[in-house]
Amino acid sequence: MVVFGASGDLTRRKLLPAIFQLWCQNHLPESAAIIGYSRSEKTDESFRNELCDSIRNSLHCHQGLIDDSAWDAFASRIFYQQGAYDSPDDFAALSKRIEALNVERNAPGNCMHYLATPPSAFADIIRNLDCSSLARKGQSDPWSRIVIEKPFGTDLQSARDLNRIAREVFDEDQIFRIDHYLGKETVQNIMVLRFANSIFEHIWRHDYIDHIQITAAESLGVGSRGGYYDKSGALRDMVQNHLMHLLCLVAMEPPVTLTADAIRDEKVKVLNALRPIPPLCAANGVVRAQYSSGEINGKTEPGYRQAENVPTDSRTETFVAFKAHVDNWRWTGVPFYLRTGKRLPRRCTEISIHFEDIPQILFNRPPAGPLRPNVLTIRVQPNEGIALEFQTKAPGPAMNIEPLEMDFGYRESFGQAPPDAYQRLLLDAAVGDATLFTRSDEVEAAWAYVAPIIEGCSHDTAADMLQYPAGSWGPKEADELIQTDGNQWRLK
């Protein structure tokens with residue numbers, strides 16, 4: 001495995017800790033080798049020492065308690081290669097290093113290239129992999145694969161261009177476009193919940209569901225990533241990938257099989273069924289905002305425009321909320337409310353399915369009613385699990401009805417927290433299972449939906465940008481968006 005961008009935060013905090021865990025769980029062969037590639041000057045030893053410190057500090061490795069013998073065995077398989085992403089000569093040197101390691105370790109020659117670099121480097125790396133013969137299109141023995149981090153493009157055209165470049169060098173089944181949300185256990189469990197339980201699937205439709213909410217909230221701000229984030233924003237950073245994936249899994253039809261393409265076919269159908277939001281409508285119907293200074297846990301936090309490398313007149317959104325419609329037979333008339341933002345009260349991602357009210361008779365009229373409708377909540381992070389809210393009679397002689405929850409949590413039910421998403425995704429890529437990765441037409445369909453929204457909102461001036469205090473659930477306009485339909489956000 002070659003990790004391009006080896007000096008970056010993603011490699012230190014996520015990728016190498018995940019690979020080390022796979023090693024500890026005996027999922028990697030004895031001949032495995034990991035080569036870090038970046039422009040920084042390092043030796044094999046200094047790179048290993050840096051990673052050891054990162055892994056010891058990683059929450060994914062049990063708060064630093066790692067087995068020294070396991071680490072020593074793993075570290076001997078880590079190497080470093082200095083080079084530029086646009087240098088054919090440096091890639092030729094990388095190719096020779098890989099050949100030497102294959103001979104030394106009696107390895108079969110399979111190679112997975114992981115692009116953990118800024119997106120601007122993706123095209124150069126792919127072309128140089130081709131020129132150095134490190135990309136073997138269509139060859140299955142030994143195989144070569146490429147894993148590409150998000151964001152995959154910055155708009156529809158750039159996504160198409162990157163897809164074209166990647167498919168010139170690799171076949172589609174060799175390209176793994178990664179989104180770590182799809183590796184989370186609860187996200188994978190959405191299909192099991194729907195299609196392995198008869199009590200849910202037949203009511204998973206417009207006849208029984210009033211609306212669906214998807215919220216992805218982050219408590220942190222942009223930190224030192226202000227320069228990068230200001231060129232992206234919540235629509236590109238979260239909506240085009242994370243939220244679209246969650247929407248597809250909730251709304252998709254049952255696939256004919258559990259093969260990667262059958263599942264991804266159904267996701268693409270959902271994206272193609274999304275009702276377009278024209279640019280003129282996006283400017284009025286999509287709530288965009290930036291966080292301003294506010295108090296969190298008794299501490300005053302600065303606003304987005306005060307962050308490092310963020311222009312004082314920035315028009316980039318850190319919060320977005322809007323209503324989507326899936327125009328097909330199953331979901332006609334059911335609104336999907338999507339919301340994501342930074343500096344919200346807490347870090348959480350959840351999907352809530354709000355069922356229709358029961359008739360205004362019997363219990364659902366005064367004095368007992370009106371009752372709250374049933375809600376099925378899927379907690380993606382943290383505290384992964386599923387909860388169903390229903391009505392029950394409180395003990396006593398009076399007919400007092402109260403809502404209660406049946407709550408399933410992964411940690412409580414299985415005695416351990418779910419594995420890190422990157423562990424699952426890296427292992428799937430290594431064995432060639434593309435089920436949890438994004439296909440080219442899915443990427444382009446998601447961009448085709450989001451691009452007009454971005455275009456419509458791009459004409460806002462800095463003065464037009466709504467503000468919300470850090471530590472709040474966003475601007476009041478986001479509440480008004482859902483209240484117009486007689487609903488309210490579950491998380492508030």
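The values are calculated or read from the model by the stated rules, or taken from the named source; none is laboratory data. Given the structure is predicted, the values throughout are model-derived calculations rather than measurements. Cβ: placed from backbone, ideal geometry, glycine included. Neighbour counts: every protein chain shown.
Computed quantities for the displayed model
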read-out	value
Any hit, the stretch 16-36, residues being at pLDDT 85 or above, touching a Gly at 6+ places or on another chain (Cβ under 7 Å) and hydrophobic (A, V, I, L, M, F, W, C)	no
Enumeration of residues in the stretch 382-406 that are closer than 21 Å to His211 by Cα and modelled with pLDDT of 80 or more	Gly385, Ile386, Ala387, Leu388, Glu389, Phe390, Leu404, Glu405, Met406
Search result, residues across the stretch 398-434 that are in contact with an Asp or Glu (Cβ under 9 Å, 6 or more places away or on another chain) and either part of a loop (DSSP other than H, G, I, E, B) or basic (Lys, Arg) (or both)	Arg411, Ala417, Pro418, Pro419, Arg424, Gly432, Ala434
Residues of the stretch 293-321 that turn out to be at pLDDT 95 or above and not in a loop (DSSP other than H, G, I, E, B), as a count	3
Selected residue (criterion: modelled with the highest pLDDT) from residues of the stretch 38-83 that are within 14 Å of Leu16 (Cα to Cα) and polar (S, T, N, Q)	Ser76
Flag if Asn163 is closer than 30 Å to Gly138 by Cα, surrounded by 19 or more Cβ atoms within 10 Å (Cβ to Cβ) and in contact (Cβ under 8 Å) with a residue 24 or more places away in the chain	yes
Set Val443, Val431: member being of a type outside the set (Gly, Ala, Ser) and crowded, with 20+ Cβ neighbours inside 10 Å	Val443
Residue check for Glu356: of a type in the set (Asp, Glu) and surrounded by fewer than 18 Cβ atoms within 10 Å (Cβ to Cβ)	yes
Count of residues meeting criterion [exposed (fewer than 13 other Cβ atoms within 10 Å of the Cβ) and within 21 Å of Met112 (Cβ to Cβ)] in the stretch 30-58	1
Of all residues making up the stretch 70-128, the number that are over 24 Å from Lys150 (Cβ atoms) and either among the charged types (D, E, K, R) or not assigned by TED's automatic domain parsing to the domain that holds Lys14 (or both)	9
Odd one out for Pro151, checked against (1) touching a residue at least 24 places away in the same chain (Cβ under 8 Å); (2) more than 22 Å from the chain's Cα centre (by Cα); (3) assigned to a loop (DSSP other than H, G, I, E, B)	(2)
Tally of residues being surrounded by fewer than 16 Cβ atoms within 10 Å (Cβ to Cβ) and in a helix (DSSP H, G or I) across the stretch 166-193	5
When residues of the stretch 94-117 are limited to those that are part of a helix (DSSP H, G or I) and among the β-branched types (Val, Ile, Thr), the one surrounded by the fewest Cβ atoms within 10 Å (Cβ to Cβ)	Val103
The stretch 322-361, residues that are assigned to a loop (DSSP other than H, G, I, E, B), charged (D, E, K, R) and closer than 26 Å to Tyr228 by Cα	Lys342, Arg343, Arg346, Arg347
Pairs with Cβ under 6 Å, 6+ apart, first in the stretch 201-227 and over 16 Å from Asn309 (Cβ atoms), second among the charged types (D, E, K, R) and in a strand (DSSP E or B)	Thr215/Arg339; Thr215/Glu350
Residue within the stretch 247-263 that is buried (at least 21 other Cβ atoms within 10 Å of the Cβ), touching a Ser or Thr at 6+ places or on another chain (Cβ under 8 Å) and not in a strand (DSSP E or B) present	yes
Test: residue in the stretch 380-402 that is surrounded by fewer than 18 Cβ atoms within 10 Å (Cβ to Cβ), of a type in the set (Asp, Glu) and out of contact with any His (no Cβ under 8 Å at 6 or more places or on another chain)	yes
Test set (1) modelled with pLDDT under 95; (2) not in a helix (DSSP H, G or I) - His211 fails condition number	(1)
Members of the stretch 334-375 that are in contact (Cβ under 8 Å) with a residue 40 or more places away in the chain and more than 27 Å from Val320 (Cβ to Cβ)	Glu356, Asp357
